[in-house]
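**Q** My structure is below; once you've seen it, I'll send some questions.
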Amino acid sequence: MTEIADNKPKILIVDDVIENLHAIINVLRNDYATIVASSGEKALVLAASEPPPDLILLDIKMPGIDGYEVLQKLKADPVTAEIPVIFVTALSESADEAKGLIMGAVDYITKPINPDLLKTRILTQIELQRYRKKYTLFGTSYDNAPQRQPSILVVDDVPENIQELISALSDEYRIMVANNGNKAIETVHGDNPPDLILLDIMMPEMDGYEVCRRIKASATGNRIPILFVSVINEPVEKVRGFAIGAADYISKPFDIDEVRARIRTHLELNRYRLHLENLIEARTAALSISEKKLKDNLFDAVATLAAIVERRDPYTAGHQFRVTQLAVAIAKELQLSQQQVEGIHLASIVHDVGKNQIPAEILTRPGRLSQLEFDLIKVHPQNGYEILKHIDFPWPVAQAVLQHHERLDGSGYPQALKNDEILLEARIIAVADVVEAMFSDRPYRHGLGIEKALEEIEQGSDKIYDAEVVRCCLKLFEENRFQFSDINVMEV
């Protein structure tokens, strides 16, 4: 992944209209490093430069070399062939969209550009590229893994919609059908659950939101990406969908090439995620055979998952690793066993992994969040637990992640646990998390300093924070035996 000094991925924007270039730059400037080309010829030069861009936004209608020819040349050159290209097209150019996807574009954005949609599409492709590059960490090739025809569950109460999707997708996928919410849930919990779900929202009896919520409440359903297919296009409704676990939206009337593109992207992302989880699980099961070697691989794998989450939010990059440093130091000060210290280390590294399911624009918003958006943020401990509970760690990692926002007086979330109902591991991470969060910069404020952070936990000692954990944390700082480091130290 190409990253410049400020660790932002690099986006090449290609458009011959200066106003369009400025508009896109203004949307992306906080999250990405942008370079521009006003012609196809210049775009080819910049794409082949070092370091190359991580993604290209390519206009189609340009004088000289148009977007099609630029894409063809990019895909023919080994140096640029793997750079994902998103076409930017006018609403009237529906034929262009299909042609571009066939030629190798990964997606398209229609003009006039919706900023939130643009960010979502870019983020999806950037994350997919990171998964591909990080996969070499495990010493295996995903491409060599046995493949089967993926299955898609189409849920819609309108027979014509179902038939259209079956006709378009049946050559590539095994299609399963449900004409109501109850049948969809039964299918997910059956012997052969689908790999992906296309779910209508406006259905009688049980709407798509409730269907999604019930599916995501189960261990099996939580691992299946759900794409809403709906006429509803209001931003608040999309936030509601993301809050209950939807992976993406496709608007009706849908373009079948868009549907294909979304399906390919989210199937690949999910296959990577599930395969990575299986690899971690397998390494954990074999821990007793070669404990040191496999433990190192396990820690590296989990750290990689944590890094993928933190890349989505440049303001909190390094947060999980710094929390880990302090949590481990507190655990050692408490004289916990090496086994417990290792478990706290691992749980701390991934304590915010559930934020992977929260839209990046909410995580990085500089202003005050709405109540709906804050409620969405509060779901991340449960999301993290659902991701990690399937992995048989020799430590209570998933439970510690679930409980790290609980407080002694029951004012925390998501379960409002009290006192000893909260794991010691979670109580340690909670204190380390608060101290690091107050110490560091956030989108909505500058860092408050270590004095304010220590004052907060001291005032909350034995009320909302574990008194012994607070005592050890204060002692570490007061005796100058701890300071945060940007180095991701993996040894415990």
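**Q** I want to confirm something. Restricting to region 108-122 and keeping residues that are at pLDDT below 85 and open to solvent by less than 20 Å² (accessible area, probe 1.4 Å), which single residue is nearest to Leu227 (Cα to Cα)? Walk me through how you get there before you give the answer.
**A** Step one: list which residues in region 108-122 are at pLDDT below 85, which gives 108-117, 120-121.
Among the residues that remain, those that are also open to solvent by less than 20 Å² (accessible area, probe 1.4 Å) are: 108-109, 121.
Working: Tyr108: 17, Ile109: 17, Arg121: 14 Å.
My answer is Arg121.
**Q** Which of the residues belonging to region 440-457 are of a type outside the set (Lys, Arg) and either at pLDDT 95 or above or closer than 20 Å to His380 by Cβ (or both)?
**A** Here is the first cut: in region 440-457, the ones of a type outside the set (Lys, Arg) are 440-441, 443-444, 446-451, 453-457.
Across region 440-457, the qualifying residues are Ser440, Asp441, Pro443, Tyr444.
**Q** Still on this structure: Determine which single condition Gly221 fails, assuming it passes every other condition in (1) within 30 Å of Ile391 (Cα to Cα); (2) open to solvent by 30 Å² or more (accessible area, probe 1.4 Å).
**A** Evaluating Gly221 over (1) within 30 Å of Ile391 (Cα to Cα); (2) open to solvent by 30 Å² or more (accessible area, probe 1.4 Å) leaves (2) as the failure.
**Q** I'd like to verify a number: residues in region 393-411 that are charged (D, E, K, R) and either open to solvent by less than 10 Å² (accessible area, probe 1.4 Å) or farther than 21 Å from Glu468 by Cα (or both), how many? Give the derivation first.
**A** From region 393-411, those charged (D, E, K, R) are 406-407, 409; that's our starting set.
Still in the list and also either open to solvent by less than 10 Å² (accessible area, probe 1.4 Å) or farther than 21 Å from Glu468 by Cα (or both): 406.
So the count comes out to 1.
**Q** How many residues, within region 238-261, are within 22 Å of the chain's Cα centre (by Cα) and assigned to a loop (DSSP other than H, G, I, E, B)?
**A** Number of matching residues: 4.
**Q** Specify the residue that is most open to solvent (accessible area, probe 1.4 Å); the eligible residues are those in region 45-70 that are more than 17 Å from Gly100 (Cα to Cα) and among the hydrophobic types (A, V, I, L, M, F, W, C). Lay out the reasoning, then the answer.
**A** Step one: filter region 45-70 for residues more than 17 Å from Gly100 (Cα to Cα), giving 45-54, 63-64.
After this cut, where a residue has to be among the hydrophobic types (A, V, I, L, M, F, W, C) as well, the list is 45-48.
Values: Val45: 102, Leu46: 41, Ala47: 0, Ala48: 45 Å².
Result: Val45.
**Q** Could you go through region 132-153 and let me know if any residue there is at negative phi, out of contact with any Phe, Trp or Tyr (no Cβ under 7 Å at 6 or more places or on another chain) and at pLDDT 90 or above.
**A** Yes; the residues of region 132-153 include at least one that is at negative phi, out of contact with any Phe, Trp or Tyr (no Cβ under 7 Å at 6 or more places or on another chain) and at pLDDT 90 or above.
**Q** To continue, here is another question. Could you figure out which of (1) open to solvent by 10 Å² or more (accessible area, probe 1.4 Å); (2) over 26 Å from the mean Cα position of the chain (by Cα) isn't true of Glu425?
**A** Glu425 satisfies all of (1) open to solvent by 10 Å² or more (accessible area, probe 1.4 Å); (2) over 26 Å from the mean Cα position of the chain (by Cα) except (2).
**Q** Let me confirm something: among Gly100, Gly104, which residue is crowded, with 18+ Cβ neighbours inside 10 Å, of a type in the set (Gly, Ala, Ser) and more than 22 Å from Ala23 (Cα to Cα)? I'd like the intermediate steps shown before the answer.
**A** Numbers: Gly104 fails: crowded, with 18+ Cβ neighbours inside 10 Å.
Within the list Gly100, Gly104, the selection yields Gly100.
**Q** Scan region 71-97 residue by residue and report those that are modelled with pLDDT of 90 or more, open to solvent by 60 Å² or more (accessible area, probe 1.4 Å) and under 30 Å from the mean Cα position of the chain (by Cα).
**A** Within region 71-97, Lys75, Pro78, Val79, Glu82 meet the criteria.
**Q** Another question about this same structure. Going through region 379-413 one residue at a time, which ones are under 15 Å from Ile349 (Cα atoms) and in contact with a strand residue (DSSP E or B) (Cβ under 6 Å, 6 or more places away or on another chain)?
**A** Correct list: empty.
**Q** I've got another one for you. What are the residues in region 224-259 that are surrounded by fewer than 17 Cβ atoms within 10 Å (Cβ to Cβ) and at pLDDT 85 or above, if any?
**A** Answer for region 224-259, where residues must be surrounded by fewer than 17 Cβ atoms within 10 Å (Cβ to Cβ) and at pLDDT 85 or above: there is none.
**Q** Can I ask one more? Might you check whether a residue that is among the small types (Gly, Ala, Ser), open to solvent by 10 Å² or more (accessible area, probe 1.4 Å) and on the phi < 0 side of the Ramachandran plot occurs anywhere in region 197-218?
**A** The first filter runs over region 197-218 and keeps only residues among the small types (Gly, Ala, Ser), leaving 208, 217-218.
Of the ones still in play, those that are also open to solvent by 10 Å² or more (accessible area, probe 1.4 Å) are 217-218.
Of the ones still in play, those that are also on the phi < 0 side of the Ramachandran plot are 217-218.
Checked against the condition, which is being among the small types (Gly, Ala, Ser), open to solvent by 10 Å² or more (accessible area, probe 1.4 Å) and on the phi < 0 side of the Ramachandran plot, region 197-218 yields at least one hit.
The values are calculated or read from the model by the stated rules, or taken from the named source; none is laboratory data. Because the structure is a prediction, the values reported are computed rather than measured. Neighbour counts are summed over all protein chains in view; Cβ atoms, including those assigned to glycine, are modelled from backbone coordinates with ideal geometry. With ligands, DNA and RNA removed, areas are computed over all heavy atoms of the protein, side chains included. Shrake-Rupley method; radii C 1.70, N 1.55, O 1.52, S 1.80 Å.
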